[in-house]
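What follows is a set of notes on a single structure, which appears directly below.
Any read-out appearing in this document is the output of simple, stated calculations on the displayed coordinates, not a laboratory observation. Not measured: the values here are computed from a predicted model. Neighbour counts run over all protein chains shown; Cβ positions are idealised from the backbone, glycine included.
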Ligand SMILES: *Cc1c(COP(=O)(O)O)cnc(C)c1O
């Protein structure tokens, strides 16, 4: 299997080459040359792989369709090391929980940092360690986080050979729980840099360092952001796991509703569907930052300015643009790299928007690819959390609540199961749960008292030179 860029660059690459890379050289995103097809017999094999051998075997079978430059025995070992009951809390890894007629939650948030990002990041940590070891290379991951991504990356990379993490975050702006999660890590290869500024200052620093090519090369700076194909591929697996749990035979379909910001999670659903998984609808649920909902309603994709980007109570979906969306649009346009370049490289850079409303491709987003969308607000979130708790005794997090709210509006007549992806546990967003329910959510036992553990963090001004100097000092 070879990978190509969404913007038409002629190069083709193997999996392990794009694993350690960010964007393609032309600024595009990597996708496989084609999607391997799962026919009826293959789906039956995957069904029994999950039920009889477990999630790790299902992951191995799907990943091996896309990865031909890691020997099968090694890839299987990496999957088995990653998807264990010890790390993810249950043997099923992603159990379904029945909520109401035709509506299910798929639990993706029982990993080390209690958000679905662990599903992919834990695998990425093991893949990085494996590939860097094989090459005899090192990598210094520099990132910016407002919460979930940073902690998922640190828990995946801690103690891994050949990898260091330098994670910037806005000083004093993450929740006490999120700060405690990250700053209590004592591993030597993890560096928390609390920047005196806001999240945008952190992102600007990361960009400035990455744009300094000599520095980037000398210190082997890399990223783990959501455009990494390996993260997306890891996420494809749990769409299959959800499907085989919700159905008994391959002639049944299911729909998924996915709380979305960067279009990363739901893009994996699109890939699963392109492989032939019988998905009826893929419903995109946004919060007040409704870039994606606007596109699926109107055909207009419009990047927001920072003044237009709202701080909400589902903060992990507070985005101004959807960085993975280009992958889907590339498929929507019949994989036309020149047109994708014209939209994402040119139109967005010049006008901050493009309009596909008059294009037949836009109709296909709904008709051929099954996409629908909806939006949820703070008031919806509170009402949904309250309602779900009082009717079913289940506490859901704020992002999942956006999903449940939108799922109910798109469920249809109930014949097709609707699976909502649970993207975080409520303890991560305790303040809003308190506001909705009048009491705090449960805290998993292993997080008791983490706020009082010793913290390992360096506070520093929002100054690129100081961050570079810190990296230099800690790369010896
Ligand atoms: C990252 C995140 C999301 C959004 O995921 P995308 O891949 O950007 O669509 C939703 N919920 C939670 C809790 C997250 O951490």
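At a glance:
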read-out: Label-point separation in nm, residue 383 to residue 351, each point 7 Å along Cα→Cβ; value: 3.6
read-out: Ranked list, fewest to most other Cβ atoms within 10 Å of each Cβ, for 399, 51; value: 51, 399
read-out: Cα gyration tensor shape for the stretch 1-85, rounded if a/c is under 1.5, else prolate or oblate; value: prolate
read-out: Linear extension gain, residue 469 paired with residue 342, 0.36 nm per residue minus alpha-carbon span; value: 41.9 nm
read-out: Stokes-Einstein translational diffusion, the stretch 350-476 - Kirkwood Rh over all Cα pairs, 0.890 mPa s, 25 °C, in µm²/s; value: 128
read-out: Computed over the chain: relative contact order in percent, which uses C-alpha pairs under 8 Å that are six or more apart; value: 19
read-out: The stretch 416-476-the stretch 344-372 distance, computed between alpha-carbon centres (Å); value: 35
read-out: Mean shadow area of the stretch 1-157 over all directions, Cα convex hull, nm²; value: 11.5
read-out: P(r) weight above 23 Å for the stretch 224-348, C-alpha pairs, percent; value: 36
read-out: Alpha carbon convex hull of the chain, volume per residue in cubic angstrom; value: 140
read-out: Packing rank of 86-92, 447-453, 323-329, 403-409, where each peptide gets the mean count of other beta carbons within 10 Å, highest leading; value: 403-409, 323-329, 86-92, 447-453
read-out: Value at 222 nm in deg cm²/dmol, rounded to 500, when DSSP H runs of n ≥ 4 in the chain each add -39,500 (n - 2.57); value: -12000 deg cm²/dmol
read-out: For the stretch 108-148, radius of gyration divided by Kirkwood radius, i.e. Rg to Rh on alpha-carbons; value: 1.06
read-out: Protection proxy ranking of 211-217, 296-302, 200-206 - average other beta-carbon atoms within 10 Å, highest first; value: 200-206, 296-302, 211-217
read-out: Rg(Cα) / (2.2 N^0.38 Å) computed for the stretch 264-311, rounded to two decimals; value: 1.38
read-out: Inter-part distance where the stretch 276-316 and the stretch 49-104 are each reduced to a Cα centre, Å; value: 28
read-out: Model label zone, residue 134; criterion: amide N under 15 Å from point 7 Å along Cα-to-beta-carbon; scope the stretch 59-77; value: 63-77
read-out: Within the stretch 439-476: backbone nitrogen closer than 12 Å to the residue 208 label point (7 Å, Cα to C-beta); value: 461-469
read-out: Mean separation of Cα contacts under 8 Å, 6 or more apart, over the residue count of the stretch 294-425: relative contact order %; value: 22
read-out: Global geometry of the stretch 110-255, whether rounded, prolate or oblate, following the gyration tensor of its Cα atoms and the 1.5 cut on a/c; value: prolate
read-out: Potential extension, residue 188-residue 390 segment - 0.36 nm per residue separation minus Cα distance; value: 68.2 nm
read-out: The stretch 300-423: C-alpha gyration tensor shape, a/c 1.5 cut-off, then a/b vs b/c; value: oblate
